[in-house]
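The values are calculated or read from the model by the stated rules, or taken from the named source; none is laboratory data. Everything numeric in this text was worked out from a predicted model, so none of it was measured. Counting neighbours? That spans all protein chains shown, and the Cβs are built from the backbone with ideal geometry, glycine included.
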C-alpha cells in the first residue's frame, strides 16, 4: 500500500535508517552513499518507500487482500511466461519463471527487485482505484 509521509517524518525515518546502517556497516563507502541518498530527493524517496513497506510487512500491517493480489499477479506472470517461447521472455526474468507455480512465487518473493516491481504494480493499482472512487469527476478527464 502506498504510504504518504510528510517530509520531516520521512527524512527522520531515512536518516535514522542510514545512521544505523553506517554504524553497523562501518565503511566509508556506506557513509558516502548515505550522504548522496540524502542529497537526492528521488533516490531518498525510493529508499524510504522500501523502508516503510518492509516495516509494514514485518509488522503484519499489509492487508491480506494486497498480499493475495501480489500472489495472483506473480501467478499470472508465471502463466504468461511459461506459455511463451523462452526467447520471448526477457532475459533477466527467464530463471525466475521456470518451475511450478509455487516455485515461481517463492523465487519472485526472494528476488528483491522483481518482488518490489510486483508490489509497486499492486500499490499503484490500489492507489488509482482509491483515487478513481474518491474523485470520479476528475478521473473522467484522465
Next on the checklist: Yes or no: segment 39-52 includes at least one residue that is farther than 17 Å from residue 117 by Cα and touching a helix residue (DSSP H, G or I) at 6+ places or on another chain (Cβ under 6 Å).
Outcome noted: yes
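Restricting the search to segment 97-110, which residues are over 24 Å from residue 49 (Cα atoms) and assigned to a helix (DSSP H, G or I)?
Keep residues of segment 97-110 that are over 24 Å from residue 49 (Cα atoms), which gives 97-104.
Within segment 97-110, 97, 101, 102, 103, 104 qualify.
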Checklist entry - (1) under 16 Å from residue 62 (Cβ atoms); (2) in contact with a helix residue (DSSP H, G or I) (Cβ under 8 Å, 6 or more places away or on another chain); (3) free of Cβ contacts under 8 Å to residues at least 60 places away in the same chain: which one isn't true of residue 104, the others all being true? => result (1)
Checklist outcome for this item: By residue number, the members of segment 120-142 that are surrounded by fewer than 11 Cβ atoms within 10 Å (Cβ to Cβ) and either part of a helix (DSSP H, G or I) or not assigned by TED's automatic domain parsing to the domain that holds residue 73 (or both) are 129, 133, 134, 136, 137, 138, 140
Next on the checklist: Suppose the filter is modelled with pLDDT of 90 or more, in a helix (DSSP H, G or I) and either surrounded by 14 or more Cβ atoms within 10 Å (Cβ to Cβ) or in contact with a strand residue (DSSP E or B) (Cβ under 7 Å, 6 or more places away or on another chain) (or both); does residue 113 pass it?
Outcome noted: no
Checklist entry - Among (1) surrounded by 11 or more Cβ atoms within 10 Å (Cβ to Cβ); (2) under 17 Å from the mean Cα position of the chain (by Cα); (3) without any contact (Cβ under 8 Å) to a residue 40 or more places away in the chain; (4) not assigned by TED's automatic domain parsing to the domain that holds residue 128, where does residue 30 come up short? => result (2)
Checklist entry - Taking the condition outside the structural domain of residue 124 (by TED's automatic domain parsing), without any contact (Cβ under 8 Å) to a residue 24 or more places away in the chain and not in a loop (DSSP other than H, G, I, E, B), does residue 92 pass? => result no
Checklist entry - For residue 81, which of the numbered conditions (1) loosely packed, with under 13 Cβ neighbours inside 10 Å; (2) over 17 Å from residue 4 (Cβ atoms); (3) more than 14 Å from the chain's Cα centre (by Cα); (4) not assigned by TED's automatic domain parsing to the domain that holds residue 12 fails to hold? => result (1)
